[in-house]
1. With part of a loop (DSSP other than H, G, I, E, B), surrounded by 14 or more Cβ atoms within 10 Å (Cβ to Cβ) and modelled with pLDDT under 95 as the only criterion, which of I61, I4 stands out?
2. I need the full set of residues from the range 160-170 which are assigned to a helix (DSSP H, G or I), open to solvent by 20 Å² or more (accessible area, probe 1.4 Å) and touching a Gly at 6+ places or on another chain (Cβ under 8 Å), in order please.
3. Any residue in the range 236-248 that is at pLDDT 65 or above, over 18 Å from E181 (Cα atoms), of a type in the set (A, V, I, L, M, F, W, C) and in a helix (DSSP H, G or I)?
4. K132 passes all but one of (1) at pLDDT 95 or above; (2) surrounded by 15 or more Cβ atoms within 10 Å (Cβ to Cβ); which number fails?
5. In the range 176-213, what residues are of a type in the set (D, E, K, R) and either farther than 25 Å from T145 by Cβ or open to solvent by less than 20 Å² (accessible area, probe 1.4 Å) (or both)?
6. Here are some residues: S227, S200. Which one is modelled with pLDDT under 85, within 23 Å of the chain's Cα centre (by Cα) and polar (S, T, N, Q)?
7. Considering I151, I173, which residue is open to solvent by less than 20 Å² (accessible area, probe 1.4 Å), assigned to a helix (DSSP H, G or I), at pLDDT 95 or above and of a type outside the set (D, E, K, R)?
8. Against the definition (at pLDDT 85 or above, under 20 Å from A248 (Cβ atoms), open to solvent by less than 30 Å² (accessible area, probe 1.4 Å) and assigned to a helix (DSSP H, G or I)), how does L218 come out, yes or no?
Amino acid sequence: MSYIIPSEVLKSNPRVFIHSAGGRQVVVKRRVKPDMIFAHVFQNTLARLMREPMMIRTDDIGKGEWPEAKKLRTLRENGLSVPEVLYEAENYFVLEYVGRNLADVLARERDPAKKYAYVEHALLKLRTLHEKRFIHGGSQIKNFTIQGGEIYLIDFEEVIPREYFEEFRIRDIILFAMSLEKEDLPFDLGWLCEAYGGQSGKDVHRRLEDAVLKYRFLKFLGAGIFSWIPMDDVRAAIALIKKAERAAAPGVSRDDNVADAHRF
């Protein structure tokens, strides 16, 4: 089966699109250098000022070689649930279609129990990725899909500095939590860390709180004067900071947070 995509098809579609090849649905992904937006400028500034590894920009798609296809092959070889690379050209590659975007599934699901079951399943996939010493780098809920009851991880464009594995592992969990905030899905940090970490959930909770609370100064950006700036990620981060502050408040233990995890 040929997965060569005509140039007119590439030009007339978004950067990532679903295509039919020989009666089979596939995903086509073009190489396009990302635009520099306000959030990127802000992140670069924080990285320089704070010398914080977690703030390093890792979306390196526009520079040098294109590592995503190679990374996906490596992840599949390690038994991880990611799409198969079917074809690779200089300016695009073709992936196996692995179902609906999990953010869309959650938005349409009316049963809260099913929503949280999906989230827990996704967290287990993220944990498995980390246990095999890989980092996602863009672990928002939109970068998970579901097909036939199986959850897949997609969109591995980020280039992660290997020497900062632990910092980026925590960043993956933070990005996941921020994406739940943006989806307006109520959750408790204790529940999230327990769902991700199992027996090690308390340690994950401590590391997550410590990392998030470093950025509590960002709360000033929640003031109305900044409402005109398109920075959904920052607002989600502020919501997460407030959760971490409540969890770390005097008289509140992490055991209490885990025990109350489903009391939304």
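1. Numbers: I4 fails: surrounded by 14 or more Cβ atoms within 10 Å (Cβ to Cβ).
The match here is I61.
2. Result: no residue meets the conditions.
3. To start, the set of residues in the range 236-248 that are at pLDDT 65 or above comprises 236-248.
Among the residues that remain, those that are also over 18 Å from E181 (Cα atoms) are: 248.
With the extra rule that they be of a type in the set (A, V, I, L, M, F, W, C), the set shrinks to 248.
Of the ones still in play, those that are also in a helix (DSSP H, G or I) are none.
Checked against the condition, which is being at pLDDT 65 or above, over 18 Å from E181 (Cα atoms), of a type in the set (A, V, I, L, M, F, W, C) and in a helix (DSSP H, G or I), the range 236-248 yields no hits at all.
4. Every listed condition holds for K132 apart from (2).
5. D188, K202, D203, R206, R207, E209, D210
6. Criteria check complete, one pass: S200.
7. Only one candidate passes the filter, namely I173.
8. On the way: at pLDDT 85 or above: no; under 20 Å from A248 (Cβ atoms): yes; open to solvent by less than 30 Å² (accessible area, probe 1.4 Å): yes; assigned to a helix (DSSP H, G or I): yes.
In short, no.
The values are calculated or read from the model by the stated rules, or taken from the named source; none is laboratory data. Just so it is clear, the model here is predicted, and its values are computed rather than measured. Methodologically, a virtual Cβ is constructed for each residue, glycine included, from the backbone with ideal geometry; neighbour enumeration extends over all protein chains shown. Ligands, DNA and RNA are stripped out before the accessible areas are found, and what is left, the full protein with its side chains, is counted by its heavy atoms. Shrake-Rupley method; radii C 1.70, N 1.55, O 1.52, S 1.80 Å.
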